[in-house]
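Presented below is the structure to which this report refers.
Bear in mind these aren't lab numbers, they're just calculated from the coordinates by the rules spelled out. These numbers come from a predicted model, not from an experiment. Note that we place each Cβ from the backbone using ideal geometry, even for glycine, and neighbour counts take in every protein chain shown.
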Number of protein chains: 2
Amino acid sequence: MLLAVDMRDHETDKVTMGDIARASGVSPMTVSRVLSNNPSVKEAHRKRVLAVAKRLNYHVDIIARQLRAQHTFQLGVVAPFRGLVGTYYFGQILQGIQQVLTGTDYHIALYDSLSEDFNDIPKCVNLCHERRVSGLIVVAPELSAKFPKTFASLKMPIIVVGSSMGRQGVSYVDVDNYGGACLLTEHLIELGHTRIGFVSGRADLRDASQRELGFRKTMEKHGLPVVAEWIIQGEYEARKAFQVSMNLLAKSDRPTAIFAANDQMAYGVIDAARILGLQVPEDLSVGGFDDIQSSAEFVPALTTVGQPMLDLGLVAARYILDVLSKTNTAVLHRKLPAQLVTRSSTAMPNQPQRSATSDDPLSKISRINQG
Amino acid sequence: MLLAVDMRDHETDKVTMGDIARASGVSPMTVSRVLSNNPSVKEAHRKRVLAVAKRLNYHVDIIARQLRAQHTFQLGVVAPFRGLVGTYYFGQILQGIQQVLTGTDYHIALYDSLSEDFNDIPKCVNLCHERRVSGLIVVAPELSAKFPKTFASLKMPIIVVGSSMGRQGVSYVDVDNYGGACLLTEHLIELGHTRIGFVSGRADLRDASQRELGFRKTMEKHGLPVVAEWIIQGEYEARKAFQVSMNLLAKSDRPTAIFAANDQMAYGVIDAARILGLQVPEDLSVGGFDDIQSSAEFVPALTTVGQPMLDLGLVAARYILDVLSKTNTAVLHRKLPAQLVTRSSTAMPNQPQRSATSDDPLSKISRINQG
DNA sequence: AGAGATTTTGGTATCGATACCACAGCTTCA
DNA sequence: TGAAGCTGTGGTATCGATACCAAAATCTCT
């Protein structure tokens, strides 16, 4: 009765608990108990069942388990593919999520909130709900995203990443872009800069507008002028920033410091400054935002605002898991602090007289190749 | 008996087909038929059932359907998160996949092949198999990826993206990186260049080595020298490329053209050239690879090799769906052609005598600001 | 009108794992 | 020795949708 030889062995994988039960002379229930580590089963049976399961190359049928448990163990991640997937920011969030999920039974189900089927987030969230995801992380950096209160009534944990939802009962985790921008602006002001320009990011993204707001408010707070011509559009792209800052820096009436709303654009600004013969940070201080990997190695090493992108994913995923395990039931409203990272692309501005002799950037051009 | 009023209405969503059946006076089977568009059901019943389903806010229980159908409608996508997620390349592939999936019942389940649980691809593939994904797309740009033949014996369609699998029975779709590199090299040679440098990509990535090979073979084919000092490591990063090409271009014995293994590095090379006072393309032709979005707008517009990244995703997803629907059962070995995109960053090399007078790059430095 | 063909409907079993209850076998103590 | 307690084990029902078959309802034609 024991260990009836099964010639199919590793071949077919339609092996069920019933098969194992038959082959090891116990009931399916006992098999189920063994495989779910229920302690109330005799050691002899346990060993035999495990051996048979291994021999038959058994794997639980996840679907049946899901049906019984009414739980898919899928963590839905909703994001606008166009524009977000393929960015470092989103990649880091995904890695954070995966780090939390590794070792659990959960995995990521990815949905495009811009798919032509459902051109807005609520529709996509409903789809996920119908698909019975266990929890949902909505990555929504767009300004236009609408989040109806009905989200809160869905019978699943849900959290928004990258958008602060105000007073609504929806959980979110976001980076404090406003505060981060204040930090960098304060830093530049403390160094003695009063003529500061700003390269803004994509107008449709929430974080971009928050960074610009932080810059403006801090300038106002210190009674410093925000010069309209010194606020230029960089679209979050190094190239675009390069082009627009070429124009700005070529003028004789130019700022002594520039705050770029992300690091890539800061690179673009520095490239432009180099070409125009301006030394960074001697003639121009440049600050960025994000602290992407290359910014530490960049020459000059970039002063920037560190954004805990990985943490966004970690916090969001951990929150969902906590709610699912009933550890936490509260609505989460969390702004992760951004950190000022001071490196060598910012310094005190040159003395006025010195700056006067060098109004023409071309006069300095040879210096770049001698340094 | 008809239309018994249900006060719960939209509240709870534990509505089953049985509930609808009861509320509309038919059997669960008829409800099932109506909801799966089976034509053999009387129009009166159909209308009543649909009305009730809507009123009760019914949604099929996907899990139960899956169990019955033995099919999860999940398309597994396996990729090394670290290094790949967050790249434009992977973003495009994902978008391609999603485009095919939009409108179908399938959706993406994302798995990290580098998760600490299973540090190699076969383990991750097994996990997906256990999780009963309906099909699997393995994105594997690394050189080290091992693909045992056992993949072919898994009872699910599987395709590898970004690695040509040689003679093994595993399907793949890849871009013809080798051929693309040949195209660009030929282009430079046709323009009259004989002194050509190469900025290589990440040594661990398959595509990078293929591009370099294409360059080398084409040079050899034309009897041109591959100068060791002119093959420099750019790691696929603009910054790195900028640094190493600064060194290379500052020498008096420098190439007249540089082929960078991706567009970002080409940007870096061009930036370096600018700073050294070299005009592109007059003094230096620069070609890239990938044709990323910004390359068309770049100044000068970049000559590059267009890589159909979106198509990788499209072809892979379409293949899986075809196999699942039995439309196709053959193993797919497909290399998508890369396309030469000629823009303004490449041109005929300067005449030798002219090049002789300008051995010192500094002599040209003022030109950049006058153009 | 009634036999036969056709459309429409409902009952039952099934997918595979597992919660719950009941009970067999064994131990412990009055 | 028998009642009470404990441990292991198996039977049955359930999660919700649907394939399959049989039965009912309807239609067709002589």
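Here are the numbers:
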quantity	calculated
Local electrostatic count, A:LYS221, Cβ distance below 14 Å [Lys/Arg +1, Asp/Glu -1]	-1
Between helix B:309-324 and chain B: long-axis angle, C-alpha atoms, 0 to 90°, nearest 10	30
Pairwise FRET efficiency - B:LYS217 versus A:ALA64, Cβ, R0 = 56 Å, nearest 0.05	0.55
Reciprocal mean inverse distance between Cα atoms of chain A - Kirkwood radius, Å	24.0
Residue order, fewest to most beta carbons within 10 Å, for A:THR87, A:THR256	A:THR87, A:THR256
Karplus-derived 3J(HN,Hα), 6.51/-1.76/1.60, for each residue of the stretch B:253-265, Hz, glycine and proline x	8, 10, x, 9, 8, 10, 9, 9, 6, 8, 5, 4, 5
Where the Cα pairs of the stretch A:17-60 fall when distances are cut into 5 Å bins, in %	5, 28, 42, 21, 4
Cα centre as origin, Lys/Arg/Asp/Glu Cβ charges: the stretch A:17-60 dipole, Debye	120
11 Å beta-carbon shell around B:HIS71, net charge (K/R +1, D/E -1)	+2
For chain B, built as a Gaussian network whose Cα springs stay under 10 Å, the top-fluctuating residue of B:ALA140, B:ALA330, B:ALA317	B:ALA330
Ordering of A:32-43, B:227-238, A:173-184 by packing [mean C-beta count within 10 Å, highest first]	A:173-184, B:227-238, A:32-43
Over the stretch A:63-124, volume per residue of the alpha carbon convex hull, in Å³	102
Over 24 Å (Cα to Cα) - which of A:LYS146/A:LYS217; A:LYS54/B:LYS155; A:LYS14/A:LYS155; A:LYS54/B:LYS123; A:LYS155/B:LYS47 fall in this group	A:LYS146/A:LYS217; A:LYS14/A:LYS155; A:LYS155/B:LYS47
Residue-span extension gain [A:GLU297 to A:ALA203] - 0.36 nm each, minus C-alpha spacing	31.0 nm
For the protein assembly as shown, size of Cβ-based charge dipole, Lys and Arg +1, Asp and Glu -1, in debye	2720
Counting DSSP beta bridges with both ends in the protein assembly as shown, the antiparallel % (nearest 5)	15
log10 of Debye I(q)/I(0), alpha-carbon scatterers only, for the stretch A:138-242 at 0.16, 0.19, 0.23 Å⁻¹	-0.77, -0.95, -1.19
Kirkwood-based shape ratio for the protein assembly as shown, expressed as Rg/Rh from alpha carbons	1.04
5 angstrom amide H check on A:ASP176, placed H, neighbours 5+ away	A:LEU336, A:ALA338
Whichever lysines have a C-alpha closer than 21 Å to that of B:LYS251, once near sequence neighbours (fewer than 8 apart) are set aside	B:LYS240, B:LYS364
FRET E, pair B:LYS335, A:ASP120, Förster distance 41 Å, beta-carbon r, rounded to 0.05	0.60
A:THR104/A:GLU130 FRET efficiency (R0 22 Å; Cβ-Cβ; nearest 0.05)	0.40
